[in-house]
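These notes concern the structure reproduced below.
The values are calculated or read from the model by the stated rules, or taken from the named source; none is laboratory data. Bear in mind that the values here come from a model prediction, so they are computed numbers and not experimental data. Counting neighbours? That spans all protein chains shown, and the Cβs are built from the backbone with ideal geometry, glycine included. These accessible areas exclude ligands, DNA and RNA; they are computed on the full protein's heavy atoms, side chains included. Shrake-Rupley method; radii C 1.70, N 1.55, O 1.52, S 1.80 Å.
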2 protein chains.
Amino acid sequence: MVSLHPIMAKSADLDPRHILNKSGYKATKGRTCILEVLINEKGPITVAEISKKLGRNKVDEVTLYRALEALVSSGILRKVDLQRGNARYYEFVETHHHHFVCSDCGAIESFSDKLCEKIVKNALKNSNIFKKADTHSLEIFGICSKCAKQNR
Amino acid sequence: MVSLHPIMAKSADLDPRHILNKSGYKATKGRTCILEVLINEKGPITVAEISKKLGRNKVDEVTLYRALEALVSSGILRKVDLQRGNARYYEFVETHHHHFVCSDCGAIESFSDKLCEKIVKNALKNSNIFKKADTHSLEIFGICSKCAKQNR
DNA sequence: ACCATAAACGCAAGTTAGTTGCAATAAATT
DNA sequence: AATTTATTGCAACTAACTTGCGTTTATGGT
């Protein structure tokens, strides 16, 4: 075990191997690289894009799907639907946030708003069958100014 | 043209044929039945479920997909992702609302909250690239009390 | 009521997205 | 270093969705 010089060390919660082990997974070459791609990406990305970014570390598609599913079930990744064809997107969950998506070019802008918690609280209060919320997703769709200009 | 007795008449905005024509579509037997299923359903439903509910009015899957896509593009239907496997859900858009979904059994409870508009407004104000929002989707995920009881 | 026309349809075939079972491999634990 | 158990890759498969094209059908004009 080589210890890194302080300035080189990643904070533990951004180190793929550490994250994997902490959640009871083996830090295999495959999963480490997959998680690394998602940590660096810092935004939603499709399975096909992940595969491409893996480059020479590419894994079998089955392995990729299984890894993603596992990481989602542990809350390390999040699966989001950006209404772009049939693609599902995955993103590393660092802080909870939402997306503003361009329906035309797919540009994504992230945002967060504490009012969301209030809405969830309201929904719980008014619900007959739910007593607790685990998570939520909010996406706003529109046309970005670049596309708006082009389409005119 | 037979005019219906007042008590039999559907309000125009719930009559599939009227809705179709108003948006420039032909009120074919297929599309009329498809839209009828969705109007009666009053909640998100999968393509497979729609097909089953069509019964003897079943249409080819291609026809179904093309009809759904057209109706979504006109804002008559809405496509939602309830994070249940790979199924996409469609629902008739009567009033804007959101979903509280049980991650276990898939039970759906609809709700709406005016705070959402506020969030959209905030997001627009803070955005660098969006000047206008068309629509948004909000889903809350949790375990319903029935499933919570069973799993214990 | 008939005709023209454009939308909508169904079929066949194809693509993309995601899954299952299983034997081989590689982390982690002892 | 040996053992254990998660993870991997392969082959084959299912599910979800799409494209092209010739035929049918609703609708608006005569």
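Here A:R152 clears all of (1) open to solvent by 30 Å² or more (accessible area, probe 1.4 Å); (2) assigned to a strand (DSSP E or B) except the condition numbered (2). Residue count for segment B:21-43, restricted to those that are among the β-branched types (V, I, T) and away from DNA strand C (no atom under 14 Å from the Cβ): 1. When the criteria are applied in full, A:D13 fails the requirement of being surrounded by 13 or more Cβ atoms within 10 Å (Cβ to Cβ), away from DNA strand D (no atom under 16 Å from the Cβ) and at pLDDT below 95.
Could we say that A:I143 is in contact with an Asp or Glu (Cβ under 6 Å, 6 or more places away or on another chain), closer than 26 Å to B:A148 by Cα and of a type in the set (V, I, T) here? No, not satisfied.
In this entry, A:S145 passes the filter for residues that are at the interface with chain B (Cβ under 7 Å from one of its Cβ atoms) and out of contact with any helix residue (DSSP H, G or I) (no Cβ under 8 Å at 6 or more places or on another chain).
Residues are listed down the side, and each one gets a yes or a no for (1) of a type in the set (F, W, Y); (2) in the same structural domain as A:S11 (by TED's automatic domain parsing); (3) more than 10 Å from DNA strand D (Cβ to nearest atom); (4) at pLDDT below 95:
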site	(1), (2), (3), (4)
A:V59	no, yes, no, no
A:S73	no, yes, yes, no
A:Y89	yes, yes, yes, no
A:H99	no, no, yes, no
A:I108	no, no, yes, no
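State whether one or more residues within segment B:44-66 are within 10 Å of DNA strand C (Cβ to nearest atom) and closer than 26 Å to A:R78 by Cα. There is no residue in segment B:44-66 that is within 10 Å of DNA strand C (Cβ to nearest atom) and closer than 26 Å to A:R78 by Cα.
The rows are residues; the columns are (1) touching a residue at least 12 places away in the same chain (Cβ under 8 Å); (2) within 22 Å of B:A107 (Cα to Cα); (3) more than 7 Å from chain B (Cβ to nearest Cβ); (4) out of contact with any Phe, Trp or Tyr (no Cβ under 9 Å at 6 or more places or on another chain).
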| residue | (1), (2), (3), (4) |
| --- | --- |
| A:G75 | yes, yes, yes, yes |
| A:L82 | yes, no, yes, no |
| A:E91 | yes, no, yes, yes |
| A:T95 | yes, no, yes, yes |
| A:S110 | yes, no, yes, no |
| A:E117 | no, yes, yes, yes |
| A:N126 | no, yes, no, no |
| A:I140 | yes, no, no, no |
